[in-house]
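This report refers to the structure that appears directly beneath it.
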Amino acid sequence: MQIAVCIKQVPTREWQPRLDDARTWIREQDASFEMNEPDAYALEASLRLKEKHGGEVVVCSAGPARVAQVVREALARGADRAIHVEDDRLGSADAFVVAEALAGAMKDERFDLVLTGLQSDDQGFAQTGVVLAERLGLPHATIIMDVQVDVQGVPGESTPAVRVKRELEGGWFQWVAMPLPAVLTIQSGINQLRYATLKGIMAAKKKEIRKVTPAAFAPRQKIVSIYVPEKGKKTQMIAGSPAEAAKELVRRLREEARVI
């Protein structure tokens, strides 16, 4: 199987965000970066599929030169080669732009399966994988908890198929069968992550990283302003009988706080 896995480099969770002077993004020169956690689970899923069915895992990433750090990490964990769409503007680009850049770099490859993390830890739109599937003209499924590939295909058809377990709301799950090639967005926590060994780190230095320059692009959306939420305390007293107060509390939680 030829499997592509898309990964993103994001600021580490322990880093306290500092905004740039324009207050439209973070001060990247002060930040430390790591592999996006959902993408790490997508990488692990791809490596397990390769171990079971054979083939090749290709890491695909879009971003500035610093992205090479997580690309090398993915290669050290077991990926075979990488495609890096390099452009400084892709570090804070929206899902449409990133998906376009990745699709342009992947269009000449013949991937049987494309995996992405469900969403990124920095922007969290959960749209890159979906838009990428549209740009590649492939079927897709989201919030995947399990992947089972049938290389023989479904009965009566010669096309290889995949069965995936999707997480729904309220503790429900859904099994879906779909033909390959396809795009899947992987949920965090579906497997046990592996770490790079010394042997893997040394081997990664010799693996191919193909750098691609994206075509001209125009962002679909613009970040107008970013701010750090202000901490504060506010108490509201609800008058009336216990029954009336409870009814009013439920109304506020539902209509104002929107937590129920």
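The values are calculated or read from the model by the stated rules, or taken from the named source; none is laboratory data. Not measured: the values here are computed from a predicted model. Every residue, glycine among them, receives a Cβ derived from its backbone with ideal geometry; neighbour counts consider all protein chains shown.
Would you confirm, using the coordinates I've provided, whether residue 133 is crowded, with 22+ Cβ neighbours inside 10 Å and either of a type in the set (Ser, Thr, Tyr) or modelled with pLDDT of 95 or more (or both)? So residue 133 fits the description; yes. Once the range 7-33 is narrowed to residues that are more than 19 Å from residue 88 (Cβ to Cβ) and either assigned to a helix (DSSP H, G or I) or without any contact (Cβ under 8 Å) to a residue 60 or more places away in the chain (or both), the residue that is farthest from the chain's Cα centre (by Cα) is 16.
Taking the criterion of being within 18 Å of residue 4 (Cα to Cα), among the β-branched types (Val, Ile, Thr) and either modelled with pLDDT of 95 or more or assigned to a strand (DSSP E or B) (or both), the residues of the range 138-189 that qualify are 142, 143, 144, 147, 149, 162, 164, 183, 185, 186.
Each row is one residue, and each column tells you yes or no for (1) crowded, with 19+ Cβ neighbours inside 10 Å; (2) within 18 Å of the chain's Cα centre (by Cα); (3) not in a strand (DSSP E or B).
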{"site": "51", "(1), (2), (3)": "no, no, yes"}
{"site": "61", "(1), (2), (3)": "yes, yes, no"}
{"site": "90", "(1), (2), (3)": "yes, yes, yes"}
{"site": "101", "(1), (2), (3)": "yes, yes, yes"}
{"site": "110", "(1), (2), (3)": "no, no, yes"}
{"site": "115", "(1), (2), (3)": "yes, yes, no"}
{"site": "120", "(1), (2), (3)": "yes, yes, yes"}
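Suppose the filter is under 18 Å from the mean Cα position of the chain (by Cα), closer than 18 Å to residue 51 by Cα and without any contact (Cβ under 8 Å) to a residue 60 or more places away in the chain; does residue 150 pass it? No.
If the condition is being buried (at least 18 other Cβ atoms within 10 Å of the Cβ) and part of a helix (DSSP H, G or I), then the range 73-88 contributes 73, 74, 75, 76, 77.
Note on the range 212-237: among residues that are loosely packed, with under 10 Cβ neighbours inside 10 Å and polar (S, T, N, Q), the one that is nearest to residue 251 (Cα to Cα) is 236.
Annotation note: of 193, 249, the sole residue that is outside any strand (DSSP E or B), out of contact with any helix residue (DSSP H, G or I) (no Cβ under 6 Å at 6 or more places or on another chain) and either surrounded by 14 or more Cβ atoms within 10 Å (Cβ to Cβ) or among the aliphatic types (A, V, I, L, M) (or both) is 249.
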